[in-house]
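The structure under discussion appears below in the form of structure tokens.
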Amino acid sequence: MSGGDSAAREARNARAIADEMRRQAHVYEQMAFKFEAAAASEHRLEQTLAPLQSQGFHVLPDRRWPGSTRAQVDFVVVGPSGVFIVDAKTWKDVRIEKHGPEHRVYQGDDDVTDRFAGLADLGVTTEQLLAEIGLAPTEVHTLAVFTNRRDIRAGVMGVELMSEGAVVERILSRGRRLSQVDVERVLVTVMTHFPPYTAGAGAPSVIVTAPPAPARDEPVELLTVAEINAAAFEGLSREPIESWMAFLHPEQAKVVRRTFNGPCRIRGAAGTGKTVVGLHRAAHIARTRPGKVLVTTYVRTLPDVLGALFERLAPEVADRVDFEGIHALAGRILKSRDVRYTLDGRKAKAAWERIWRAHGSAVAAIDPDERYWREEIASVIKGRGLSSLAEYENCARVGRQRALGVAQRAAVWTLYEHYAAELRRIDVWDFEDLILAAEASLRHTPLEEYSAVVIDEAQDLSCAMIRMLHLLVGDGPDAFNLIGDGQQSIYPGGYTLSELGISIAGRGVVMDRNYRNTLEIAQFASSIVRENSFVDIESGARGTADAAEFLRRGAKPKVVRFSSKQRHDVSVVDHVRSLLEDPSVALGDIGVLAMYRYHVTDLLTAFRAAGIPAVDLENYDGRPTQAVKVGTIKRAKGLEFKFVIVARTPLALIDGMPPGRLADSERERLELELRELYVAMTRARDGLWVGVLAA
């Protein structure tokens, strides 16, 4: 051994250690670079996914890969449209090639398709796990999201590859597949299957300074909450119309959750979502307050539809919310108290006709329109429960345009007394008698069944109906909820809350965003009633429709005139066929509405002859159906359709009020019919076709 050998040996050892440490440092630098890039990518993707929470989704970041102690899943998203396993990618030099029916993924010259096998297997095992709690396999999806690319869209081994900008739209595009109860049930299982990821925290043996995270190859703008909501709208537009009818916009949710310390009113123009807010508000009250909730309305068939929609959006409280028409409710109350009566509309009408022929001459001298006086008795005298001529003389007769002097009112009261006596003689009630009897029964013996009432289309009810419902719940917090729009009043008469002794001061909400109609449909419908006014139930003054902001644009409504019913009905069938040429339009998305029942019968016959399935709105229960929906405009209140055909429209309504001065009763009748036409037109979401009979 020569001098310096040991030092040289130590130097070589030290040099080798230094070289190894440099090699390890380079390895760790590359690892740090890789993980910091992944962290930046996942953080960005988390920001992209976060607004989904406004649509009822749960975004779970950094979950442990089932069965592994080290591997992780970037995100699991659980919400109304299903379960999504989301993996963030920042791969460079990626291209996708199609080989026959399959796609292959390349990174540079290397085929890296098999790298998705693990993610695909994870999707399958998750499907199997969630199937055990009743979730269909089709509700589980695996997504590989490339945060540095805009042009990725393919499917590989059951995994969907896409850019960051497409992921939210993809999740929302499936519409609402799961109820809130289903989402919560699935979420519990998912959180157990994918527990939070916790990495080891040991101190590193070598500390290096990593380079900064790489710049993104193709910057992607984050979606705003408004864009998230727009994507949700777009996804729902492809679902059956019933899914749209149950959809609640985040802005509407604020009204749903508001607490009022007494009776409240929610109003707004057509299309602003009043009915769906009422449904969700009923669910909110049922979840947060004891007792049962009643949802009621004037239209006999609407409660069945609302009940079916409610089962979709809040099945967990469906047993605590009753849906019942106002007349069915009154009948149930009386029968439960052993009140015997005979309700017969046909016999009551025949009784009226006999009385009109025998005693109607005095009021016919004022106005020969028999229908006007029948409505005066039903909506003003019996609709308010007036018990004496003095009360009638002092009644403001809200909603009636013909002024009546003292002598004229005396003549009307005499006619009413003859009619009431005739009903007693034949031992028959009309529908107004049913309401008055139920109100009197509740006043004598209160019903403790309900803690809250939600009244849809409140403007259509009579004074006596509102009083009866108010007796059920009184003025408690969130107990009495009035929902409606005066512009959609299509029945004679009216009322004001002040004459009922009900105050909503400081508890009124105006909804001012139209989520349903396109601007073109709304403007056309509004032009029909632009000279039409109505009496507001709160102020008692005559006013016009509330203003609204419109979120959607579309095609202009089409008006077609016909000289015969036969040509008109053939064109209605042809128009339905043309709509169905679009594969995104289903039979159940189309509504055909007419003013009169015999028109509906004729149209149903025309569809049957053409081999097109059609369902009468009298028999529609709110569940998706593969049939065109045909009914009267009154039966369509509270409903929505993607496309509406307003059939056999009278020419006089399209051309507007005739020149010259109309009698007050004629003007009142015309205004009611124009508002009815307005209701029909504003049922349309995407398209409106109006068939006019010129003859």
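The values are calculated or read from the model by the stated rules, or taken from the named source; none is laboratory data. Predicted, not measured: the structure shown is a model, and the values here were computed from it. When we count neighbours, we look across all protein chains shown, and the Cβ atoms used for this are built from the backbone with ideal geometry, even at glycine.
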Legend entry - Test result for L677, within 28 Å of G325 (Cβ to Cβ), in contact with a strand residue (DSSP E or B) (Cβ under 8 Å, 6 or more places away or on another chain) and not in a loop (DSSP other than H, G, I, E, B): yes
Legend entry - Which numbered condition V398 fails, given (1) surrounded by fewer than 17 Cβ atoms within 10 Å (Cβ to Cβ); (2) of a type in the set (A, V, I, L, M); (3) touching a strand residue (DSSP E or B) at 6+ places or on another chain (Cβ under 6 Å): (1)
Inset, instruction - Could you list all residues from the stretch 284-293 that are in contact with a helix residue (DSSP H, G or I) (Cβ under 7 Å, 6 or more places away or on another chain) and surrounded by fewer than 24 Cβ atoms within 10 Å (Cβ to Cβ)? - result: H284, A286, R287, K292
Legend entry - Residue ID - nearest to the chain's Cα centre (by Cα), chosen from residues in the stretch 84-130 that are of a type in the set (G, A, S) and over 23 Å from V73 (Cα atoms): G100
Inset, instruction - Output the residues belonging to the stretch 574-598 that are under 24 Å from D686 (Cα atoms), surrounded by fewer than 21 Cβ atoms within 10 Å (Cβ to Cβ), free of Cβ contacts under 8 Å to residues at least 60 places away in the same chain and not acidic (D, E). - result: R577, S578, L580, P583, V585, L587
Legend entry - Any hit, the stretch 639-650, residues being at positive phi and not assigned by TED's automatic domain parsing to the domain that holds F310: yes
Legend entry - Residue within the stretch 353-375 that is of a type in the set (F, W, Y), modelled with pLDDT of 95 or more and over 30 Å from A407 (Cα atoms) present: no
Legend entry - Residue match in the stretch 129-143 (condition: assigned to a strand (DSSP E or B), in the same structural domain as R174 (by TED's automatic domain parsing) and either surrounded by fewer than 16 Cβ atoms within 10 Å (Cβ to Cβ) or touching a residue at least 60 places away in the same chain (Cβ under 8 Å) (or both)): no
Legend entry - V600 vs. criteria part of a strand (DSSP E or B) and closer than 20 Å to V573 by Cβ: no
Legend entry - Complete set of residues in the stretch 629-647 that are surrounded by 22 or more Cβ atoms within 10 Å (Cβ to Cβ) and more than 20 Å from the chain's Cα centre (by Cα): V630, G631, I645, V646, A647
Legend entry - Unique match (being at pLDDT 90 or above, part of a helix (DSSP H, G or I) and among the basic types (K, R)) among R561, R567: R567
Inset, instruction - For T445, indicate whether it is of a type in the set (S, T, Y), surrounded by fewer than 16 Cβ atoms within 10 Å (Cβ to Cβ) and out of contact with any helix residue (DSSP H, G or I) (no Cβ under 8 Å at 6 or more places or on another chain). - result: yes
Inset, instruction - Could you tell me whether A547 is among the small types (G, A, S), touching a residue at least 12 places away in the same chain (Cβ under 8 Å) and part of a loop (DSSP other than H, G, I, E, B)? - result: yes
Inset, instruction - Kindly provide the set of residues from the stretch 90-105 that are surrounded by fewer than 23 Cβ atoms within 10 Å (Cβ to Cβ) and either in a strand (DSSP E or B) or without any contact (Cβ under 8 Å) to a residue 40 or more places away in the chain (or both), ordered by number. - result: D93, V94, R95, I96, E97, K98, H99, G100, P101, E102, H103, R104
Inset, instruction - Scan the stretch 95-113 residue by residue and report those that are basic (K, R) and more than 18 Å from R149 (Cβ to Cβ). - result: none
Inset, instruction - Considering only residues that are surrounded by fewer than 14 Cβ atoms within 10 Å (Cβ to Cβ) and of a type in the set (A, V, I, L, M, F, W, C), look in the stretch 351-391 and name the one that is nearest to R443 (Cα to Cα). - result: A390
Legend entry - Sole residue being closer than 30 Å to S179 by Cα and buried (at least 17 other Cβ atoms within 10 Å of the Cβ), chosen from E324, E316: E324
Legend entry - Matching option when the condition is in contact with a Leu (Cβ under 6 Å, 6 or more places away or on another chain) and among the hydrophobic types (A, V, I, L, M, F, W, C), among V181, V112, V168, V156: V168
